[in-house]
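See structure below.
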Amino acid sequence: MRTAYKFLMLALAVCGAAVAQPAPAQNPANGQVEIVPVRGHIYLLGGAGGNITLSIGSDGVLMVDSGLAQMSEKVLAAINQLSQQLDKEGQPLKSYAPPKPIRYIINTHVHADHTGGNEAIAKAGKTFTGGNVAGEISDAAEGAAILAHENVLNRMSAPTGSQAATPQGDWPTETYYKDQMKLSHFFNGEGVRLIHMPKAHTDGDTMVYFRESDVLSTGDIFTTTGYPFIDLERGGSIQGEIDALNYILDLVIPEFRTEGGTLIVPGHGRICDTADVAYYRDMVTIVRDRIQNYIKKGMTLEQIKATKPTIDWDPRYGSGDRFVEAVYRSLTATANAKK
């Protein structure tokens, strides 16, 4: 009986690995932007680099990330197409409607596949003006506001090491520095909360929670297409990554037995729920623990790679060598700092 059970589990694992193989890499500039409904007035734009989350309604358009620079025209075309199909209540229109203005772009982190379209897309938008405006009032409403954690601005404006310079037009126009920021008013009928996750994927990660829609956009803290990319040069760490995944699980609420409920838009890949994040968190934690154990035994990085600590998930995510190296360097840097 036990042998039969092991055979069944092995067969299921093989089938799962076959289904879960990542799609072949494509040149984004040659691809198309896909519009995917998430919930209510929340949509996902896929194919522009990193995933873009849209809130679209009577107040205009709020974007989480802007994709690659070379995909900006296609992103704007997709937003205009969607805007023309929706009226102020988010219902399909039978006739043409003028596109709604882009008001906000929120960047989840600094990488170009999520921020490259900032300048071109912001210029196509129109932000809200308040009571305290310096200079010409006409200038204040020109272009969408770009929001991010202050570490994103620091990385863009003063790159170090191998970091490339970022055009000034892509820089955030507004930043926050605490653990969270809330928009000062409802946008499209709901509160929008920006949550900073320190030292996870990078040191400037922001997750965006749409409260009424119960949708969370995570940026590259969580993806479905590969192992986490821990950007050590930009302040990322393995412990911060695990802490961020645990925070997601504390925040979201499943509908039943970890399925349904809060919907999660990852930095790359498909729309997810609690179960997907729990699986990913468990994988990251197990790999971390394996590598930590090998480090305690005095093994070198190459020796650890030879043990293939990610072998259980390689059929799904591909080679784990880069992830293993990042985890090793993050753990040894932490241990050295404590000495």
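Descriptive notes on the structure:
- Long-range HN-HN contacts of residue 38 with modeled amide H, under 5 Å: 43, 44
- Leading residue at positive end of dipole, the range 27-338 (Cβ point charges), from 56, 313, 168: 313
- Neighbours of residue 255, meaning other residues whose beta-carbon lies under 15 angstrom from its beta-carbon, give a summed charge of -2 when Lys and Arg score +1 and Asp and Glu score -1.
- In this structure, the pairs whose alpha-carbon distance is over 25 Å, taken from 123/178; 74/199; 178/296; 296/338; 100/199; 199/338, are 123/178; 74/199; 178/296; 100/199.
- Surrounding net charge for residue 34, when Lys and Arg each add one and Asp and Glu each subtract one, Cβ distance under 12 Å: +2
- Remark: the Cα gyration tensor places the range 166-224 in the oblate category, a/c being 1.5 or greater and a/b not exceeding b/c.
- The range 104-262, dipole about Cα centre (Lys/Arg Cβ +1, Asp/Glu Cβ -1), debye to the nearest 20: 140
- Cα gyration tensor category, rounded, prolate or oblate, for the range 189-277 with a/c compared to 1.5: prolate
- When +1 charges are put on Lys and Arg Cβ atoms and -1 charges on Asp and Glu Cβ atoms, the dipole computed for the range 27-338 relative to its Cα centre reaches about 460 debye.
Read the figures in this text as sums done on the coordinates, not as results from a lab. Every value quoted in this text rests on a predicted model; they were computed, and no experiment measured them. When we count neighbours, we look across all protein chains shown, and the Cβ atoms used for this are built from the backbone with ideal geometry, even at glycine.
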